[in-house]
1. Springs between alpha-carbon pairs under 10 angstrom, Gaussian network model over the chain: which of GLY76, GLY97, GLY23 fluctuates most?
2. Between VAL49, VAL29, VAL94, where does the largest GNM mean-square fluctuation fall for the chain, given springs only between Cα atoms within less than 10 Å?
3. Can you tell me the FRET efficiency between GLU22 and ARG47 if r is taken as the Cβ-Cβ distance and R0 is 30 Å, rounded to the nearest 0.05?
4. Based only on other Cβ atoms within 10 Å, what is the fewest-to-most ordering of ILE48, ILE15, ILE27?
5. What do you get for the angle between helix 75-95 and the principal long axis of the chain? Use alpha-carbon atoms, 0 to 90 degrees, nearest ten.
6. For the residues TRP66, TRP44, what sequence is obtained by ranking on other C-beta atoms within 10 Å, fewest first?
7. Using 7 Å Cα-to-Cβ label points, what is the VAL35/GLN61 separation (nm, one decimal)?
8. Per residue of the chain, what 222 nm ellipticity follows from adding -39500 (n - 2.57) for every DSSP H run with n ≥ 4, rounded to the nearest 500?
Amino acid sequence: MCTVDKALQDDCISIVQRRDEEGAFLIRVGALQTVVTIRLRRTWGSRIVYRQSHAIKTPRQPCPNWSCASEADSPGDALRKAINGLTLHYRMAVGEGYPPAEDWLVPAN
């Protein structure tokens, strides 16, 4: 099980604000300046679901990456899933030579 602190130790994010008691985490991904908000909440079955303010769509992706399984067993695991969904595609695109661009982050409707 991942802790919230461990989930936030990803070297591809910077923490803008952290409100653990509200389950709200504001981050930046890589060199991008857009702030992404990730919100966690507990469900009836004691699972943790997350929602994020933005998805990522780099030039190498056909569409934005929205998680189809946005829940986990713990707050740390849910936060890690949300962060990894953003940073995985960011790292791959930058690694392939694409310069980071703010329009990679697509706002939720």
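No lab work stands behind these numbers, since they all come straight from the coordinates. Just so it is clear, the model here is predicted, and its values are computed rather than measured. Glycine also receives a Cβ, built like all others from the backbone with ideal geometry; neighbour counts cover every protein chain displayed.
1. Result: GLY97 has the largest fluctuation of those listed.
2. Looking only at VAL49, VAL29, VAL94, the largest GNM fluctuation is found for VAL94.
3. 0.95
4. Going from least to most buried by this count: ILE15, ILE48, ILE27.
5. That works out to roughly 10 degrees.
6. TRP44, TRP66
7. With each label placed 7 Å out from Cα toward Cβ, I get 2.2 nm.
8. About -7000 deg cm²/dmol.
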